[in-house]
Structure formats: C-alpha cells, structure tokens
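Below you'll find the structure, written out as structure tokens, and then a few comments.
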Amino acid sequence: MPTFLMTDPDCFDVCYQINPWMRPGAWSAASLPAAKAASAALKGALKAAGGRVETVEAVRGLPDLVFPANAAVVLDGQVLLARFRHPERQGEEAVFRTAFAGLQRRGIVSGVHDLPEGVFQEGAGDAIWDADRSFFWVGHGPRSSRASVGVIERTFGRQVVPLELASERFYHLDTCFCPLAGGFLLYYPPAFTAEALATIRALVPPELRIEASDREAAAFCVNAVNLGEQIIMAKAPSSLRRKLRARGFVLTEIDLDPFILSGGAAYCMTLRLDRTSDPASALLAAE
Ligand code: ARG
C-alpha cells in the first residue's frame, strides 16, 4: 500500500524567506485555519487514492517541517537523512531523525543512513525515484550539493541521473519535475541548465514529455503526487488539466494556497516511504 509521511500543520507559518516564493508579509495567524484545512484535504485525497498516511508531530519554531519531502531520500526501506542548506531548516534534522527511528522500530523502514560532513541534500525534494525507468533523478544547485549525487548512488546502489537546477525560483527538483505513471514526465524546461535539459530530452522521448507553462509551474502544479492514473495537485490552470486528461490522468485539485506562500505544494508536503526498486512495483502502480 502506498505509504506517505506528512507533518501535522499546527505550527506552520511563513516567518522567514529562504526562497523567492515565500511571503512572510502575506501570512498571519488568521491564515492557519486555511492551512490546516488544506493539509487535511491533501491527506483525505491521498487516502481516497488508496494511500496510507503516517504523521510527524508539529514542532514550534520549525514551520517548514510541514514539507517532509525534504526530510530524507527513501527507497527499499533505506533512509538517507537530509542535511539542509539553510540554518532556518537545520533544526528539522533532529526531529526527522527521531521520527525515522520510530518508523524503524515499527518496521516501516529498515535502515537509516547519514550524509558525509559538508554535503547538503534536501531529501526527496531533490532525489526523485522514477519507477518506470528504475533510477533516481537527482537535482542539485540551489539546495543540494553536487556531491550528493554520488552519495545517493552509493547508499542505494541504484543508477542516478544528475540534473542541475538553473534558478532560485525552482530551487528543488520537485518544483519543476514530476515523473508520471506510464513513463510520462511533467516538467518545466526553463528551470534547468542547458546540460540538464539535454539529459532529460535524451532519456525521455518527446511523446512522453509534458511541458508545463510559466503559469502552470508558478501554480505549483508540477509539485504533484502521482498514484497510477491519479494525480493530486494544487489548483490547476485549465490548460494543464487538458494536457493531463488527454493522457488519461485523473486530477484531484486541492486549494494549497497557504503552503504556496512558503513555496511548496502537494509533493513536498508528503514523503513516500514504501518505494522499492523492484520493477514490478512500477507495473502495479501503473495499473
Ligand atoms: N519553505 C520551504 C523551503 O524553502 C519550502 C519547501 C518546499 N519543499 C519542496 N521540496 N519543494 O525550504
């Protein structure tokens, strides 16, 4: 069963700025009820799509804990804990370490690993498992270090394809890149360096590439959760709805505006814990 980690949104707020989308001035305590409702709606959509959700408790002073995609890279029960680039988020490392120790005791994950000193890596936000191709796409640049690429390859013993991100606006790979069932790829080309774009286009044939427009990417729709034909994402422009429906996908849209004020949406509010490198699991997910 697809198993997701989410964080209780009780201590979410937008009180610092570490990416260009973050708008502390637009946030007030009055925004919290809408954030809680949005998080609950996302959890409901994951369950309706056949998922199960594990929850990390909120911690005061760590507002971005609501984005557990950045907590770790997880595959085959192995967990590589993140190291955050910005001091504002480094306090989350100990919280997620404790959370994964608990998940390990319960048998939900089986091994926990650390990054070498000096290497930044912001979890599944920058290391996206492509179930159809059986490799990791690894983003680096604004947040994760180039050196994280080799660490991920050695930790999981799987192929990795590095992609350098070209802008601070699309600071994590998951803001601009989303592999979908059936080998499709939803991505936002301007987020990548010329070399990274050439890599993507060499590995994904044109008929499987779905390009997001500026507007679709700015609506945080590329930051989506995909389960078979289901895609769960922030409110989508109709242009994107059409593109995805034409490929047979079924969309669930959720008003995630409070989290977009922090530069995040559906994918990064979750972390898949059950992914395996077994190719049969891709076939199951695509059914
Ligand atoms: N405010 C958070 C940050 O800048 C948002 C993180 C969103 N996570 C993601 N994987 N895109 O780190």
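The values are calculated or read from the model by the stated rules, or taken from the named source; none is laboratory data. Everything numeric here is computed off the predicted structure, so don't read it as measured data. All Cβ positions, glycine included, derive from the backbone under ideal geometry; neighbour counts span all protein chains shown. These accessible areas exclude ligands, DNA and RNA; they are computed on the full protein's heavy atoms, side chains included. Shrake-Rupley method; radii C 1.70, N 1.55, O 1.52, S 1.80 Å.
For ALA224, enumerate residues with amide H under 5 Å from its amide H, sequence gap 5+ or separate chain, H modeled in the peptide plane.
Close amide H contacts, sequence-distant or interchain: TYR267.
Tally up the carbon and sulfur contribution to the accessible surface of the chain as a whole percent, 1.4 Å probe, everything protein left in place.
52 percent
Using DSSP H assignments, which helices in the chain have an axial alpha-carbon span of 15 Å or above and a mean Kyte-Doolittle hydropathy of -1.0 or higher? List each step's numbers first, then the result.
On the way: long enough: 32-48 (24 Å, 0.66); 92-105 (20 Å, -0.11).
Counting only whole DSSP H runs, the qualifying helices are 32-48, 92-105.
In region 152-247, which chymotrypsin sites (Phe, Trp or Tyr not before Pro) fall in coil by DSSP and have 13 or fewer other Cβ atoms within 10 Å? Let's see the in-between values first.
On the way: sites: PHE156, PHE170, TYR171, PHE177, PHE184, TYR187, PHE192, PHE220; in loops: PHE170, TYR171, PHE184, PHE220.
Here no loop site has a sparse enough neighbourhood.
Could you tell me the relative contact order of the chain? Use alpha-carbon pairs under 8 Å, at least six residues apart, and round to a whole percent.
Here the relative contact order equals 23 percent.
Report, largest value first, the span of the C-alpha coordinates of the chain along each principal axis, in whole Å.
Projected onto its principal axes, the Cα set of the chain covers 46, 41, 36 Å.
Give me the aspartates and glutamates in straight-line cross-link reach of LYS43: C-alpha distance below 14 Å, same-chain residues under 8 apart excluded.
Those aspartates and glutamates meeting the cut-off are ASP8, GLU54, GLU253, ASP255.
Sequence neighbours fewer than 8 away in the same chain don't count; with that in mind, list the lysines whose C-alpha is under 17 Å from LYS243.
Those lysines meeting the cut-off are LYS235.
Just the C-alpha atoms of region 58-167: what Rg/Rh do they give, with Rh taken as the Kirkwood radius?
Ratio of gyration radius to Kirkwood radius for region 58-167: 0.95.
Quick one: if you stick a label point 7 Å off each Cα along the C-beta vector at LEU251 and GLU211, how many nm between them?
Here the modelled spin labels are 1.9 nm apart.
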